[in-house]
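**Student:** Next up is a structure, given as structure tokens.
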Amino acid sequence: MKVLDNPQTAQQACQSWRRDGLRIGFVATMGALHDGHLSLLKRAIAENNRTCASIFVNPLQFDDPEDLNTYPVNMEEDLEILKQHGCDMAFSGTMETFFPEVGNPAMIRRIDPGPYASSLEGTYRPGFFDGVATIVDRLFRTVGNCRAYFGEKDFQQTLVVKHLSNQLKGAGIDIEIVVCPTVRSKTGLALSSRNQQLGVVDIDIASRIYQALNRTQLAWRSSVRDRATLTRILNTALEHPLISIDYAEIRNPDDWNSTEKEMDSATALVAARIGDVRLIDNLRLDQPDES
């Protein structure tokens, strides 16, 4: 596996692959890799000729400096995991190498994240999606034409990234966004790098998030289509003295900003804090019952 420490060299490697007629799969990460990341990598490997991954903890998407400081980092371990699982190239960088045209990081031009960023995560994490769009724009420009793999757990982020990929087509950069299913632990907890910060008791409490999502889905399958009723069921199922809810809402995944009362399709989305750890999750309510 090639290990590169700046995006300029990574860009050259990707250009060389494309000149050889090879299709590239790309997985963007902030490290602290887990099985969720590896599910993206495995699919990228299966569907492409070459696969690369980025590891960069992006300061632009952290509104809380303490959150940035406590984010788990283990570059050597992450690189070994990627190598063992067949990744062809991994690259990292610094703010200065990702944005060499800007001497002062404060002067970096923020990318407009588009219409999907104005609520939920956008409300509770001001500037978050600006930061995501800004670094993902630079990552996409580094890798160039590719398939890029993202997890459904960050559902709102996938909408922002899809919007960004459509904007980049105007610059001649063709990024196909592939959204992959959420990977969960045995208790149903969506895998996240932040889970490393949870204690044993916290993990048990956190599993209630998925239970609440499932309870809401059961209501949908019982023909409940009223947004207010579904929202009430979701919030009631989340009630626990150690769970602090940022939001628990129902959205139409095909019409994000719709205010319809009777839903034709729906996704339940939750952001909650357990102690100092903030977790997000979601579940498409109208997906088929596989039982």
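No lab work stands behind these numbers, since they all come straight from the coordinates. Just so it is clear, the model here is predicted, and its values are computed rather than measured. Cβ: placed from backbone, ideal geometry, glycine included. Neighbour counts: every protein chain shown.
**Student:** Sort the stretch 162-224 into rounded, prolate or oblate with this rule: let a ≥ b ≥ c be the square roots of the eigenvalues of the Cα gyration tensor; rounded if a/c is under 1.5, and if a/c is not under 1.5, prolate when a/b is larger than b/c, oblate otherwise.
**Tutor:** oblate
**Student:** I need the GluC sites (Glu not before Pro) found in the stretch 90-165, filtered to DSSP loop residues with at most 11 other beta carbons within 10 Å of theirs.
**Tutor:** Filter output for the stretch 90-165: E101.
**Student:** Assign unit charges at the C-beta atoms only (+1 for Lys and Arg, -1 for Asp and Glu), then state the dipole size of the stretch 90-160 relative to its Cα centre in Debye, rounded to the nearest 20.
**Tutor:** The dipole magnitude comes to about 80 debye.
**Student:** Rank-order 37-43, 26-32 by packing density, defined as the average count of other C-beta atoms within 10 Å over each peptide's residues, highest first.
**Tutor:** Listed from highest to lowest mean packing, they are 26-32, 37-43.
**Student:** Looking at the chain, how many pairs of lysines come closer than 27 Å at the Cα, when each pair is eight or more places apart or spans two chains?
**Tutor:** 14
**Student:** Calculate for the chain the 222 nm mean residue ellipticity that helices alone would give, adding -39,500 (n - 2.57) per DSSP H run of length 4 or more and normalising by residue count, nearest 500 deg cm²/dmol.
**Tutor:** -12000 deg cm²/dmol
**Student:** Based on the Kirkwood radius over alpha-carbon pairs, what is the Stokes-Einstein translational diffusion coefficient of the stretch 92-167 at 10 °C with 1.306 mPa s viscosity, in µm²/s?
**Tutor:** Roughly 120 µm²/s, to the nearest whole number.
**Student:** Using alpha carbon coordinates only, what is the Rg to Rh ratio of the chain, with Rh defined as the Kirkwood radius?
**Tutor:** In the chain, Rg relative to Rh is 0.97.
**Student:** In whole Hz, with x marking every Gly and Pro, tabulate ³J(HN,Hα) for the stretch 267-278 from phi via Karplus 6.51 cos²θ - 1.76 cosθ + 1.60, θ = phi - 60°.
**Tutor:** 10, 8, 10, 9, 10, 9, 10, 10, x, 9, 9, 9
**Student:** Give the residue list of trypsin sites (Lys or Arg not before Pro) in the stretch 197-291 that are DSSP loop and have at most 14 other beta-carbon atoms within 10 angstrom.
**Tutor:** Within the stretch 197-291, the qualifying trypsin sites (Lys or Arg not before Pro) (loop, at most 14 other Cβ atoms within 10 Å) are K261.
**Student:** Distance between Cα centroids, the stretch 249-274 to the stretch 176-235: provide it in whole Å.
**Tutor:** Centre-to-centre distance over Cα atoms comes out at 13 Å.
**Student:** About its Cα centre, what dipole magnitude does the stretch 163-234 give when the only charges are +1 on Lys and Arg Cβ and -1 on Asp and Glu Cβ, stated in debye to the nearest 20?
**Tutor:** Around 340 debye, computed over the stretch 163-234.
**Student:** Sticking with this structure for a sec: Write out the GluC sites (Glu not before Pro) in the stretch 243-291 meeting two conditions: DSSP loop, and at most 14 other Cβ atoms within 10 Å of their Cβ.
**Tutor:** Those that pass, being in a loop and sparsely packed, are E260, E290.
**Student:** Give the peptides 156-166, 236-246, 7-17 in descending order of average Cβ contacts within 10 Å, highest first.
**Tutor:** 156-166, 7-17, 236-246
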